[in-house]
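Inspection log for the structure reproduced underneath, given as structure tokens.
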Amino acid sequence: KEADLQNAEKTTSQMWSMVRGEYRGALMRSGGYVRESGMEAVSKGYADMISFGRLFISNPDLPLRFAIDAKLNEYDRSTFYSHHQVVGYTDYPYYINPPTAITTPNQI
């Protein structure tokens, strides 16, 4: 198993090095990333930015949560494409009560 993980990491590194060699624009990746893996992908040069679709649905204040390394709400995939007007997109709790508790960059 350890050899498989090392081989997968090597293959990933080689693939993204090849992409970087051919593509000069900004590269955004998505799919299954969490805070730590997203930061690692950017720091290793595999991407310039990471998107967090499912995590944003369940954490409307995701940048704040990432900034303070707060616990994330778990998402409920069964509500993503429902016809319900509220459940799934607007009912996830904020880490703190918005908008008064969220500061602007000048207040930090």
TODO: Name every residue in segment 71-81 that is of a type outside the set (K, R) and part of a loop (DSSP other than H, G, I, E, B), in order of residue number.
DONE: L72, N73, E74, Y75, D76, F80, Y81
Open item on the list: Take the conditions among the charged types (D, E, K, R) and either at positive phi or within 11 Å of the chain's Cα centre (by Cα) (or both) and apply them to R20. Does it pass?
Closed with: no
Open item on the list: Quick check on segment 63-70. Is at least one of its residues assigned to a helix (DSSP H, G or I), of a type in the set (F, W, Y), surrounded by 13 or more Cβ atoms within 10 Å (Cβ to Cβ) and modelled with pLDDT of 80 or more?
Closed with: yes
Task: Qualifying residues in segment 71-108 (those that are aliphatic (A, V, I, L, M) and modelled with pLDDT under 80) - the one most open to solvent (accessible area, probe 1.4 Å) - done: I108
Task: Number of positions in segment 20-40 that are in a helix (DSSP H, G or I) and either open to solvent by 50 Å² or more (accessible area, probe 1.4 Å) or at pLDDT 90 or above (or both) - done: 8
Open item on the list: Where the second residue is part of a loop (DSSP other than H, G, I, E, B) and modelled with pLDDT of 80 or more and the first is under 22 Å from V34 (Cβ atoms) and lies in segment 73-87, which pairs have Cβ atoms under 6 Å and are six or more apart or on separate chains?
Closed with: N73/N59; N73/Y92
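The values are calculated or read from the model by the stated rules, or taken from the named source; none is laboratory data. Nothing here was measured: the structure is a model prediction, and the numbers come from that model. Neighbour counts run over all protein chains shown; Cβ positions are idealised from the backbone, glycine included. Only protein heavy atoms, including side chains, enter the accessible area calculation; ligands, DNA and RNA are left aside. Shrake-Rupley method; radii C 1.70, N 1.55, O 1.52, S 1.80 Å.
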